[in-house]
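The values are calculated or read from the model by the stated rules, or taken from the named source; none is laboratory data. For clarity, every value in this text was computed on a predicted model and none was experimentally measured.
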Amino acid sequence: MSVEHADLACETCGRVTEHELHYAGRLLESTRCTVCGTRVEVTARAMVPAYLRDLEQRVVSKPRRMIRRAARDPVGYARSLPRAVLRQPVKFWREFWSLVRR
Ligand SMILES: [Zn+2]
């Protein structure tokens, strides 16, 4: 998870304020107004397929059917992965679980 900052219009403040942009990988997960604290989340339902499409582009060797299965049943998919795949970088799993566990 990485955080960047940008000036965005806040509906609660009614003006442009500094916002924290929380990213899972390269995808925006949520925004938070640094003035009033209003947090806007991108829903998991919208995020998981988008994240998996992004991941598919990053890991081009991964078969498409695995990605589709993961989108349908992320938890069952993760449990069924062979040990070798589970040795993927910790960063990947942090990103993945931060999306699934909501
Ligand atoms: Zn605000």
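A few remarks follow.
- If you go through region 29-48 and keep only what is of a type outside the set (Gly, Ala, Ser), at pLDDT 85 or above and outside any strand (DSSP E or B), you end up with Thr34, Val35, Cys36, Thr38.
- Subset tally (residues that are at pLDDT below 85 and outside any loop (DSSP other than H, G, I, E, B)) for region 1-28: 3
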